[in-house]
Amino acid sequence: MRMMVGRQRRYAALVGVFWLVLLAFTLLVGVLTPATAGSSLPKDIKADDKDAEAIVKVIEAGALLPAKDGTFNPDKMVSRADFAIALAKARKIEPTKPSSATFTDLPSSNYAFPYVEALVKRGVIPVASNKKFAPSEPIKRADLAVWVVNALGLSKEAARIKEPILLANDEDKVPAYAIGAMTLAYRSDRQLLGYRYGRLAAPLAGATRREAAKALYMMMYPPKRGGTIVTAFAAEPAGFNTLVTSSGATWTIDNIIGDGNTITDENGFYFPRMIKRLPSVENGLIKVKPDGKMEVTFELRKGMKWHDGVEVTAEDPLFQLKVMQDSNVPIASSYFERMVTKAELVDKYTFRIYLDKVQSNARLGSSVYGYYYGWFQLPKHVFEPLYEQAKKTGDWNRFVQEVNNNPIMAGPYKFKEYKQGEYVLLEAFDGYYMGRPNIDRIMIKIIPDSSVINAAVLRGDIDFGRYTLELRDALKLANEHGDEFNVTFTPTVAYDSIALNFWDPNDLSKPHPAFSDVRVRQAILYAINRTAINSVVYSGKAQVANAWITPLHGMREALADPRVNKYPYDPAKAKALLAEAGWRPGPDGILQKDGVKFKFTLLGIAGMNEIEMSEQLVQKMLRDVGIAIDIDNKPARVVIGELAPHRKFDMCWMSWGYGVSDEAADYWSSSGIPSEANAWSGTNQCGWSNAENDRLVAEAAATLDPAKKKDLFARHLALWTKELPHIPLLSPPANHFAKKTIRNFSSGYDNGLGWAIYNWYLEQ
């Protein structure tokens, strides 16, 4: 869980002959360069549809035509016969009519016959031993990949690939004949196929007309290579390896130069990256022994390279694990490593770890860098000599400096140059296992002033960013420069809430005079119009939070369980609950009980514009039901470092950033209540203690059964939303922007900029 102390900020007309020449030229080159979708859009495709351009271009090529009513029906399956025709037209392969038919079920009278025969002649469509074509059946995504790869003349390259590398959760479903083609279809220089929900390649599923159009478009207009793109950081990186530093800038850089076991996609699903598959009980890579101990096996992909060209093997993560377990090394975080009791090499590409008890997230591995999980930051052949030397001398300075300042990782880009106070330069890695990134270089400028960054964006000097702009600047960019930039506001797993202290901050042995009563806590949530706050502060871009997790969390299905309580805006209900709790209006309208006014202080962090606006709205809404609050915003170091950990607050505005896989036990157990006995450590700063909840969250963290885990988590959330240790408010958006010239730009909250950066390319 990461406390978010700040959301990183952001002609004169000509006539006559000229226009005739221009029109002729446009018609001539229109088939050569991608066109923006416009009036030729089918009726059921919107202009802002992510595949609008692809659909328009395949229509213009005569490949996939709309229905007579003008609709494209993008979700309809495309038949093998229709895709054969579309592929032949897109590749400009002339139809042919041989004297005899190749397939027994495709006679010469069939409308697709001349196109299929032409593709067979070119070696595009393989001929099965049974001589059946099945023209009316939907074309499988695996077959689509094979046909298109063959049409591109890549069949020999595909034949050399023996193991699928799709970065999908169902790679084991790829039929043997399509392994090479599907692997090439997902490479950075092709991008013929996308993923279905759940990060699935779905090789045996029928392809839709949308998917077929995208594949044909990428075949006709493949990604272009070259160029430099520029972003900006407001802060200087503290180094270049999050093993020994945890600065936000370092995380972002490692997200681009690093890679790992797994990361989440845009929908919050983990998927395998440098490992072949995510370990599970079902696939035999996780085993729980009768004594409760656990072992997890990780299988690495073959042929991956470090940035110096040396192959990645299982000895590398084992070496990093060893370093992280060494108490002499100043590692930023080694929480998971301390639970690993043994690690061993199984073979060149396989290793196994052992734990004394079940940890459901052990399947992911360590989480220490750039949103990735795993141990791929310390290539053994580079850093082992330095490590052994440090062990002998006891001087760890050189080792730490080399690790932090000379990163050698295995991601799509490699570290090239750093000029303090000016920039960091990253360079495309030719040996990246998903294909060399299309864009040559990434320049990260260091600009401490958010207003200067915004001005640079408007001048066109900054090409893309994630949390680079303040929300108000990102909204303005979207509204006023939407023709130049794509600006997105993506959901996150972070949320804003108000922590209510269950205990008197002046004497933590006594219940809080107001907030120890569950009716009061529920009344406060009923009294807050979160939809209005979203509209006023976030222009509707945030999401109302119903609990401490959002729909991007791994337990999203538990969040949707009907047992989870919801609190619509209902000030009348709030007043009734407060009255039931014994609070009555005083002469000034402020509630009072036993001579004590309902007036407390809301602690917050200074300098956070959206939060300060939200606080003022909450103050007004609570005043409307008789609750008076004063707002006291202090520097982050005071709130985070002193007051909140010591539970010195009545109400505290909190902005938490959770990981997609984080366990409730990490935050909401009684053992996590900060106290003098545990040196004021722990995140349960409101002091919520519930024995049933403790049991549920502990059991959930230790189970590997998905259905059981979902039920336990739902029961925990039902308790949490009943007792409300925090008042859940909103999940603010993450803002991202990129010039429209950057194609296939993708950025998320819990996966960063780098997770799909190898697929970006420049429109030239």
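The values are calculated or read from the model by the stated rules, or taken from the named source; none is laboratory data. None of these values were measured; they are calculated from a predicted model. Quick reminder, even Gly has a Cβ in these numbers, built from the backbone with ideal geometry, and neighbours come from all protein chains shown.
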In region 371-413, anything farther than 17 Å from D316 by Cβ, part of a loop (DSSP other than H, G, I, E, B) and not aromatic (F, W, Y) is listed as G394, D395, P412
List every residue pair whose Cβ atoms lie under 8 Å apart, where the two residues are 6 or more positions apart in sequence or sit on different chains, the first residue falls within region 527-538 and is closer than 18 Å to R472 by Cβ, and the second residue, located anywhere, is of a type in the set (K, R) and surrounded by 14 or more Cβ atoms within 10 Å (Cβ to Cβ). N534/K541
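Out of all the residues in region 580-612, which are surrounded by 14 or more Cβ atoms within 10 Å (Cβ to Cβ) and among the aliphatic types (A, V, I, L, M)?
Going through region 580-612, the residues surrounded by 14 or more Cβ atoms within 10 Å (Cβ to Cβ) turn out to be 581, 583, 585-586, 590-593, 597-605, 608-612.
Across region 580-612, the qualifying residues are A581, I590, L591, L602, L603, I605, M608, I611.
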Of all residues in region 272-305, count the ones that are part of a loop (DSSP other than H, G, I, E, B) and either assigned by TED's automatic domain parsing to the domain that holds A702 or within 24 Å of the chain's Cα centre (by Cα) (or both). 9
Out of everything in region 466-523 that is in a helix (DSSP H, G or I) and among the polar types (S, T, N, Q), what residue ends up being surrounded by the fewest Cβ atoms within 10 Å (Cβ to Cβ)? N479
Could you list all residues from region 81-105 that are in contact with a helix residue (DSSP H, G or I) (Cβ under 7 Å, 6 or more places away or on another chain), in a loop (DSSP other than H, G, I, E, B) and under 30 Å from Y221 (Cβ atoms)? R91, I93, E94, P95, T96
Evaluate the following for K566: is it modelled with pLDDT of 95 or more, closer than 21 Å to D517 by Cβ and part of a loop (DSSP other than H, G, I, E, B)? yes
Which condition from (1) surrounded by 21 or more Cβ atoms within 10 Å (Cβ to Cβ); (2) not in a loop (DSSP other than H, G, I, E, B) is the one that E417 breaks? (1)
Evaluate region 420-427: report whether one residue or more is within 24 Å of the chain's Cα centre (by Cα), β-branched (V, I, T), assigned to a strand (DSSP E or B) and surrounded by 23 or more Cβ atoms within 10 Å (Cβ to Cβ). yes
Residues that are aliphatic (A, V, I, L, M) and more than 17 Å from A215 (Cα to Cα): does region 71-87 have at least one? no
Which of the residues that make up region 633-666 are in a loop (DSSP other than H, G, I, E, B), surrounded by 19 or more Cβ atoms within 10 Å (Cβ to Cβ) and not charged (D, E, K, R)? A644, F649, Y658, G659, V660, S661
Just checking, does region 78-97 include any residue being at pLDDT below 95 and in the same structural domain as L193 (by TED's automatic domain parsing)? yes
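A quick yes/no check of all residues on (1) of a type in the set (A, V, I, L, M); (2) assigned to a helix (DSSP H, G or I); (3) in contact with a Leu (Cβ under 9 Å, 6 or more places away or on another chain); (4) modelled with pLDDT of 95 or more:
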site	(1), (2), (3), (4)
F600	no, no, no, yes
Q616	no, yes, no, yes
Q619	no, yes, yes, yes
I631	yes, no, yes, yes
Taking region 224-236 as the region of interest, how many residues are of a type outside the set (A, V, I, L, M, F, W, C) and buried (at least 21 other Cβ atoms within 10 Å of the Cβ)? 1
Of all the residues that make up region 740-764, how many are within 14 Å of Y372 (Cα to Cα) and assigned to a strand (DSSP E or B)? 2
Is at least one residue of region 150-157 among the hydroxyl-bearing types (S, T, Y) and surrounded by 17 or more Cβ atoms within 10 Å (Cβ to Cβ)? yes
Quick one: in region 263-275, of everything that is over 18 Å from E163 (Cα atoms) and not acidic (D, E), which residue is surrounded by the fewest Cβ atoms within 10 Å (Cβ to Cβ)? N267
